[in-house]
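Report on one structure; see the data block that follows.
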Amino acid sequence: MFDLATRDIKFISGVGPQKAAVLNKELEIYSLHDLIYYFPYKYIDRSRIYYIHEIDGNMPYIQLKGEILGFETIGEGRQRRLTAHFSDGTGVVDLVWFQGIKYILGKYKLHEEYIIFGKPTVFNGRINVAHPDVDKPDDLKLSSVGLQPYYSTTEKMKRSFLNSHAIEKMMATVIQQIQEPLPETLSPKLLTEHHLMPLTEALWNIHFPTNPDVLRRAQYRLKFEELFYVQLNILRYAKDCLLYTSDAADEEDSVDLGGRRIIKKKNKIEKKKKKKKHTWGNGWSQGGH
């Protein structure tokens, strides 16, 4: 059985101890279980590849397929940036990086085919895409079929090259390692009555949905489970409170439960009797003076 909870994230390909320490501190992700339950906050349709001659600076996101013709470094110090001239044969766009320049120059090669994804803007009359996602076509088997997940990250994570795209790659590695169904957390009766996805299928599709309908079903399954166990915990708490009240009130006048005071009827009556005697005593004492 593939146990997600006992497998450390540092053993995921491309992670290692340093990046694992960042994930530990920034997101409290320690195991594969923690990672796979770190859900995307949005999805973007990556089913279409545009041609460069089709795009403009008003489009929200674009996906292009082509090659890098050359690199150019501009500026010095904090103003230094790296520009890659990217073409698909119908035009040229500039890919721009302001950080990780050495890493980019070592990773991406000239005249090799890549798929780039990002938000286009216009600068000095040219289309620019700042800090795009860059992948080999063979590496996009999961996201090319539909919606791409986006994960929340921190500035410290980004400085360690742990952006949303990096989280997505880690997630794909973990998902592909699951060769058999994970232990189900809901009963077969609940799954059938509420038409719920099995857990393994829901986890796969919450990260890599093939279409919006499948995504909605995966979200429904996981939200149902969360609320179901919240309700169970509320019922268990209420039951424990009643048992605690029954036992404790035999020895005490009242029991404090989350700011609410529960008093046995017998003790209430006794308190009222004492209060009456005390009031009568005060009146008699005042009359005597």
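The values are calculated or read from the model by the stated rules, or taken from the named source; none is laboratory data. Here the structure is a predicted model, which means the values were calculated and not measured. Every residue, glycine as well, gets a Cβ built from its backbone with ideal geometry; the counts of neighbours run over all protein chains shown.
Can you run down the residue pairs with Cβ atoms below 8 Å, 6 or more apart or on separate chains, where the first is in region 212-231 and under 17 Å from residue 189 (Cα atoms) and the partner is of a type in the set (Ser, Thr, Tyr)? If the second residue must be of a type in the set (Ser, Thr, Tyr), the pairs left are 225/185.
Within region 15-57, the only residue that satisfies the criterion of being more than 20 Å from the chain's Cα centre (by Cα), farther than 30 Å from residue 123 by Cα and of a type in the set (Gly, Ala, Ser) is 16. Exactly one residue out of 34, 8 is acidic (Asp, Glu) and in contact with a strand residue (DSSP E or B) (Cβ under 7 Å, 6 or more places away or on another chain), and it is 8.
Quick one: would you say residue 71 is aromatic (Phe, Trp, Tyr), closer than 27 Å to residue 109 by Cα and touching a residue at least 24 places away in the same chain (Cβ under 8 Å)?
For residue 71, the condition - aromatic (Phe, Trp, Tyr), closer than 27 Å to residue 109 by Cα and touching a residue at least 24 places away in the same chain (Cβ under 8 Å) - is met.
When you look at residue 111, is it outside any helix (DSSP H, G or I) and either free of Cβ contacts under 8 Å to residues at least 12 places away in the same chain or under 24 Å from residue 37 (Cβ atoms) (or both), yes or no? Criteria not met by residue 111. Of all residues in region 195-211, those satisfying the criterion of being in a loop (DSSP other than H, G, I, E, B), surrounded by 14 or more Cβ atoms within 10 Å (Cβ to Cβ) and either among the aliphatic types (A, V, I, L, M) or free of Cβ contacts under 8 Å to residues at least 40 places away in the same chain (or both) are 196, 197, 198.
Beta carbons closer than 6 Å, at least 6 apart along the sequence or on distinct chains, pair a first residue in region 38-49 that is within 19 Å of residue 226 (Cβ to Cβ) with a second that is exposed (fewer than 15 other Cβ atoms within 10 Å of the Cβ) and not β-branched (Val, Ile, Thr) for 41/152. State yes or no: is residue 208 aromatic (Phe, Trp, Tyr) and within 24 Å of residue 10 (Cα to Cα)? The answer is yes for residue 208.
Residue 57 meets the conditions (1) closer than 30 Å to residue 218 by Cβ; (2) touching a Ser or Thr at 6+ places or on another chain (Cβ under 6 Å) in every case but one. The failed one is (1).
Give the residue that is modelled with the lowest pLDDT, with candidates limited to residues of region 146-162 that are aliphatic (A, V, I, L, M) and within 17 Å of residue 134 (Cα to Cα). Among residues in region 146-162 that are aliphatic (A, V, I, L, M) and within 17 Å of residue 134 (Cα to Cα), the one modelled with the lowest pLDDT is 147.
Scanning region 79-106 for residues that are modelled with pLDDT of 90 or more, of a type in the set (Val, Ile, Thr) and either loosely packed, with under 15 Cβ neighbours inside 10 Å or more than 31 Å from the chain's Cα centre (by Cα) (or both) yields 83, 90, 92, 93.
May I ask you to verify whether residue 105 is part of a strand (DSSP E or B), in contact (Cβ under 8 Å) with a residue 24 or more places away in the chain and not aromatic (Phe, Trp, Tyr)? For residue 105, the condition - part of a strand (DSSP E or B), in contact (Cβ under 8 Å) with a residue 24 or more places away in the chain and not aromatic (Phe, Trp, Tyr) - is not met. Taking the criterion of being over 19 Å from residue 159 (Cα atoms) and exposed (fewer than 14 other Cβ atoms within 10 Å of the Cβ), the residues of region 66-78 that qualify are 69, 70, 72, 73, 74, 75, 76.
Among the residues of region 170-194, the one identified as in contact with a helix residue (DSSP H, G or I) (Cβ under 8 Å, 6 or more places away or on another chain), part of a helix (DSSP H, G or I) and over 12 Å from residue 36 (Cβ atoms) is 190.
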